[in-house]
1. Check A:S52 against each of (1) within 15 Å of the chain's Cα centre (by Cα); (2) within 22 Å of A:V13 (Cα to Cα) and name the one condition it does not meet.
2. Just checking, which of B:T38, B:T76 is on the phi < 0 side of the Ramachandran plot and more than 14 Å from every other protein chain (Cβ to nearest Cβ)?
3. Condition first: under 19 Å from B:Q6 (Cβ atoms) and touching an Asp or Glu at 6+ places or on another chain (Cβ under 6 Å). Now tell me which residues in the stretch B:84-106 satisfy that.
4. Name the residues in the stretch A:67-85 that are surrounded by fewer than 21 Cβ atoms within 10 Å (Cβ to Cβ), modelled with pLDDT of 95 or more and under 12 Å from the mean Cα position of the chain (by Cα), would you?
5. In the stretch A:87-101, which residues are in a loop (DSSP other than H, G, I, E, B), at the interface with another protein chain (Cβ under 9 Å from one of its Cβ atoms) and among the small types (G, A, S)?
6. Within the stretch A:57-75, does at least one residue satisfy the condition of being assigned to a loop (DSSP other than H, G, I, E, B) and within 14 Å of another protein chain (Cβ to nearest Cβ)?
7. In the set A:T104, A:T80, A:T112, which member is out of contact with any Cys (no Cβ under 6 Å at 6 or more places or on another chain) and within 14 Å of chain B (Cβ to nearest Cβ)?
8. I'd like to know if the stretch B:24-33 contains one or more residues that are closer than 19 Å to B:S87 by Cβ and not hydrophobic (A, V, I, L, M, F, W, C).
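The values are calculated or read from the model by the stated rules, or taken from the named source; none is laboratory data. Given the structure is predicted, the values throughout are model-derived calculations rather than measurements. Cβ atoms come from the backbone with ideal geometry, glycine included; neighbour counts cover every protein chain shown.
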Amino acid sequence: GESVGLHLPTLSVQEGDNSIINCAYSNSASDYFIWYKQESGKGPQFIIDIRSNMDKRQGQRVTVLLNKTVKHLSLQIAATQPGDSAVYFCAEVPLGGTSYGKLTFGQGTILTVHP
Amino acid sequence: DTGVSQDPRHKITKRGQNVTFRCDPISEHNRLYWYRQTLGQGPEFLTYFQNEAQLEKSRLLSDRFSAERPKGSFSTLEIQRTEQGDSAMYLCASSTTGTPNEQFFGPGTRLTVL
């Protein structure tokens, strides 16, 4: 079936560096793409989303880029801090049809930030 | 705290026993979702409610699973005759109807079936 996946399972960076986490998706019908952060023992925390008709969206220290041509999504974290260490999931959601509102998650990337 | 809450946070049970989990969504959210997450994987959709109506159930949700949201507020997820394969984190999320892209998750209930 359709799925959302990640290229890299782990990413290690130094504090202060910029981090880029990538995701490939296959469902062109998705309306939103979302990034979640999950710390050990906690539920996923919403970071930022982007609608399918956009290419870029910026938040606080984070930027999400969407390339629909190659079905690629990325999350850029500026000036990465130790508190950013977590597992990052991309997810997609359609806003129509029988799958309305159902999140489909990728496998996750473990981000480790070294002081 | 006005976020999504779940109870209990951890549950250890023996195979064959029944378990019930509770989720309290964000108060103004009329949509409530249940997901299951196994180690190293992303959450997988189980079912969701629009107010008190259960609108969809995943094929992952066998007949041993049942979910309710009787008054359109909190929800319960019951697993009957638990199996070791049911061991997972059970996550609840909520959103408004118009913004299902903004689902906010609770801390989850970690189920271990011995």
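1. Condition (2) is where A:S52 drops out.
2. Answer to the check: B:T76.
3. Scanning the stretch B:84-106 gives a single hit, B:S95.
4. Those that are surrounded by fewer than 21 Cβ atoms within 10 Å (Cβ to Cβ), modelled with pLDDT of 95 or more and under 12 Å from the mean Cα position of the chain (by Cα): A:S74, A:Q76.
5. If the condition is that a residue be in a loop (DSSP other than H, G, I, E, B), at the interface with another protein chain (Cβ under 9 Å from one of its Cβ atoms) and among the small types (G, A, S), then A:G101 is the only one that fits.
6. Yes, some residue in the stretch A:57-75 is assigned to a loop (DSSP other than H, G, I, E, B) and within 14 Å of another protein chain (Cβ to nearest Cβ).
7. A:T104 is the lone residue from the list that is out of contact with any Cys (no Cβ under 6 Å at 6 or more places or on another chain) and within 14 Å of chain B (Cβ to nearest Cβ).
8. No: zero hits.
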